[in-house]
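This report concerns only the one structure given below.
Every number in this text was worked out from the coordinates using simple rules, so none of it is lab data. What you see is a predicted model, and the numbers here were worked out from it, not measured in a lab. Every residue, glycine as well, gets a Cβ built from its backbone with ideal geometry; the counts of neighbours run over all protein chains shown.
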Amino acid sequence: RLSRDFARFWQAYPKKVAKVYCERLFYKLKPSTVQTEEIIRAVENQKRWEMWQRENGKYIPNPSTWLNQQRWLDEGENPVCKQENEPKRMGIYL
């Protein structure tokens, strides 16, 4: 089961570096089926974060860092609230 779950994680994660090391970390975590689903959902959600999309993915953490720091627990951006074409407002409001 863990090898299948890791394969799903690896397929979902957008930055493909240090696969063997990441696989060892994943096995060390021994995520349950429920936790694996949570991890995959978090990856899919975070892929839409502005930080992950900026500069062609320059700020996507390495997958080993993401696993080590349990980044699936991060609470971050809500991409639905961001409007790409919303005008930027500057100045003083009275």
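Observations on the structure shown:
- Segment Glu38-Gln69, length gained on full extension (0.36 nm per residue, minus Cα span): 9.7 nm
- Estimated inter-spin distance, Glu77 and Ala18, nm [label 7 Å along Cα→Cβ]: 2.3 nm
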